[in-house]
Amino acid sequence: MKLSEVGEFGLIDRLGALLGEPPEGETWIGDDAAVLRAPGGTILFTADLLVEGVHFDLAWTSPQDLGYKAVAVNCSDVAAMGGTPRRALVSLGVRQGIELAFLEDLYAGMRECSDAFGMAVVGGDVSRCDQLVVSVALLGNPAGRRVIERRGARPGDAICVTGTLGGAAAGLRLLKAGQPVPPALRAAHLRPVPRVREVEVLRRFLPNAMIDVSDGFAADLGHICDASGVGATVDAGRLPLIDAAGLPAGLDPLELALGGGEDYELCFTIVAERAEKAASEVEARTGTRVHLVGEVTEEAAGRVLVVDGVAQPLPGAGWDHLRP
């Protein structure tokens, strides 16, 4: 069925039905604005934009995967501040000729991710556009009053990262090249897992600074250093890299980890004495490993990567939306 056959309001009715019913006291799709129960205290508010041809390619991205990822990357932003995602608005720019079934599958993917992390899509907007655009704005709240920002890192802190780095970038490069993609790398690119559950455990150990790894580990650690006015030393041998076995020549796991981006793992700094206990507790409760990969230093020491015992500058390259 063509989108033109149901029109804007028919589409809104159909997509709204896919997102479930609001709890008592809330109003979702169907009015001028959503009515939500706001938790007391601080609210986190984030937004992310996915543009066809820039952030995704429908040649290898299913509508379900796209919907899932659009919500997941926003959940990751809230988790990176120590928070829990709650409610989201989704705005669509749709090109002419797009099938209604595609958009229903897109929203089914959003619903899947929302249900997985205990939040909901509660409304949004739709308009015609030259290419498909998916824009998500999400509200969340931290535990109590404490928000974990990028600016709290202190010299002596341990630098830690969850999960594995470089998988999303490897999956994307293989997909672009038309080469076979191992399932784990495909999932890393198409269905990143926001570390919401991990943060529920981690925040009890009071990280000083945190960021999600969306631009590449080196660039995102650099954002913490910039905001905190500190330096960093990272041991390349401790970084959780993907397995190079079976990968085509030219895919360097270290380069992918440092500059690939879209891993949506958490990079955080924490008082060194609490780091190992925090890591073991997160793994015990969620199954996700936390790796101690370096140390925060004084700003004058710069940003250093140690490879096989040799110190070199930590590269700052990563994804930049406005650079070719």
Just from the alpha-carbon atoms, what are the Rg and Dmax of segment 83-134 in angstroms? 12.2, 39
Working from the pairwise distances between different alpha carbons, so that the mean of 1/r is found and then inverted, what is segment 3-142's Kirkwood radius in Å? 15.2 Å
In Å, the Kirkwood hydrodynamic radius of the chain over pairs of distinct alpha carbons? 20.6 Å
Using Cβ counts within 10 Å as a stand-in for footprinting exposure, how do Phe9, Phe56 rank, fewest first? Phe9, Phe56
So, over other residues within a Cβ distance under 9 Å of Pro155, counting Lys, Arg +1 and Asp, Glu -1, the net charge is -3
Of segment 207-248, those with amide N under 17 Å from the point 7 Å along the Cα→Cβ vector of Glu281 are 207-210
With θ set to phi - 60°, apply the Karplus curve 6.51 cos²θ - 1.76 cosθ + 1.60 along segment 264-279 and write out the HN-Hα couplings as whole Hz, x wherever there is a Gly or Pro. 6, 7, 9, 10, 9, 10, 8, 3, 4, 5, 9, 5, 5, 5, 4, 4
Bridge orientation stat for segment 192-324 from DSSP, antiparallel percent rounded to 5, came to 75 percent
With r defined as the distance between the Cβ atoms of Leu206 and Ala177 and R0 fixed at 41 Å, what FRET efficiency is calculated, to the nearest 0.05? 0.40
Around Leu19: net Lys/Arg minus Asp/Glu count, Cβ-Cβ under 13 Å: -3
Order by neighbour count: Val307, Val134, Val51, Val213, fewest other Cβ atoms within 10 Å first, most last. Val307, Val51, Val134, Val213
Fraction of alpha-carbon pairs in segment 90-191 farther than 22 Å apart, rounded to whole percent, equals 59 percent
Before rounding to the nearest 500, sum -39500 (n - 2.57) across all DSSP H runs of length at least 4 in the chain and divide by the residue total; then give [θ] at 222 nm in deg cm²/dmol. -10500 deg cm²/dmol
Roughly speaking, what is the stretch gain from Asp308 to Ala272, that is 0.36 nm per residue apart minus the C-alpha to C-alpha distance, in nm to one decimal? 10.7 nm
Tell me, what is a quarter of the convex hull surface for the C-alpha atoms of segment 150-313, in nm² with one decimal? 9.2 nm²
Pop out the Kirkwood hydrodynamic radius of segment 229-305 from its pairwise C-alpha distances, inverse of mean 1/r, in Å to one decimal. 14.3 Å
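Read-outs: derived from the displayed coordinates by stated rules, not from any lab. In this text the structure is predicted, and so the values were computed from the model without any measurement. FYI the Cβ positions are ideal-geometry reconstructions off the backbone, even for glycines, and counts take in every protein chain you see.
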